[in-house]
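Any read-out appearing in this document is the output of simple, stated calculations on the displayed coordinates, not a laboratory observation. Bear in mind that the values here come from a model prediction, so they are computed numbers and not experimental data. For neighbour counting, all protein chains shown are included, and Cβ atoms are generated from backbone atoms with ideal geometry for every residue, glycine included.
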Amino acid sequence: MPHRLRSSKPSVYPAALFVDYEELYPLIAQKVSTDAPADRYLSDLLYNLRRYLLLRRRWRVVHARVYGDFEALPDGLFIQRSLAEQGLTPCFIPQLDHLDAKLQLCVDALSTLNSYPEIQAFIVVSGRSSYLPLLEHLRARGRQVALLQLLSPEDHVLERLGERALLDPHMLMDHTGSRHLLARLESTAESRSAATPTFHALGDDPIALQTLALIEEHFGRYEEVYLTPLLRKMSETFAPEIDPKEVINRLEAAGAVRLERRRGFPYDYTVLIVESAHPDVQRVRETFTTQITETKELSNTARVEALNTPAPSTS
């Protein structure tokens, strides 16, 4: 009788979950009504997160801690009891300093790393903080890491952690009200990023000025420039020792451009928007327009002269 092959399921790895409730709660509370309190949204989010981690990543959360000044929250006692009923340990951190909860979260994560070597994955949940140094350290120690951030992570976070390490809150907040909440959070973040920028001159940065000219020449007809093709074009144009991303950072710091995240499928992407009001941007555009006009005039003059030049005699 032939032997049957056993279907082996992938192993389930123990994981540790750390939640910055101190940052999450006010971020959500200011966008929801009292009929649907913020802790209800967060409770659904954390429940769906653990289900996702188990079913999709094969990570079972065996160690979970939630940080915040619960006495300062409405129904703080109820929130702590609700968290405990889910198997999450509330960690009361008096709000003496806005960084206290974050520092305690990092300390406990490192302590867990050293005290529980069997834990193979670490997950951090936050509102807008990336906890990048902590997650990079955990990864360097051979652990898998993931970050669930309600507001879209910055580009450098995506670049350093990678797409797989960033969890999308949209797939975890499955109720219609939750999706509307995320939309309101994103619109608030976009309006904040669209505030009037502070301009700084780029006169002592010729590479940055050349980059503005390059953008105007090759991408000037677009209101938004996809960042990846622009970086590729800069790499082809400038010397190898010039880092295109670092140049873009300088332009952004000077207020000449701004970067914005866009939702996409299967991945989010980044666009660059040139600030038309920046004096150096205006100067570069004027120069570029003048050059185009002069080129057209020279071309037209050459064409007229060619038409007026008699053909050479064949006799």
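Stretch Asp168-Glu85 to full length: gain in nm at 0.36 nm per residue minus the Cα-Cα span?
27.4 nm
Express in nm, to one decimal, how much length is gained between Arg160 and Glu71 on full extension, taking 0.36 nm for each residue of separation and deducting their alpha carbon distance.
Numbers: separation 89, 0.36 × 89 = 32.04 nm, distance 3.62 nm.
So the chain would gain 28.4 nm between Arg160 and Glu71.
Along the Cα→Cβ direction, 7 angstrom out, place labels at Glu252 and Ala29. What is the inter-label distance in nm?
Roughly 3.1 nm, to one decimal.
With the crude spin-label approximation of a point 7 Å out along Cα→Cβ, what separation in nm comes out for Leu103 versus Arg262?
Between Leu103 and Arg262, the label points sit 4.2 nm apart.
Quote to one decimal, in nm, the extra length available between Val12 and Leu54 on full extension: 0.36 nm per residue of separation minus the C-alpha distance between them.
Result: 14.4 nm gained on full extension.
Give me a comma-separated list of calculated 3J(HN,Hα) values for segment 40-53, in order, Karplus coefficients 6.51, -1.76, 1.60 applied at θ = phi - 60°, integers in Hz, x for any Gly or Pro.
3J(HN,Hα) across segment 40-53, in whole Hz: 5, 4, 5, 4, 5, 4, 5, 5, 5, 4, 5, 5, 4, 4.
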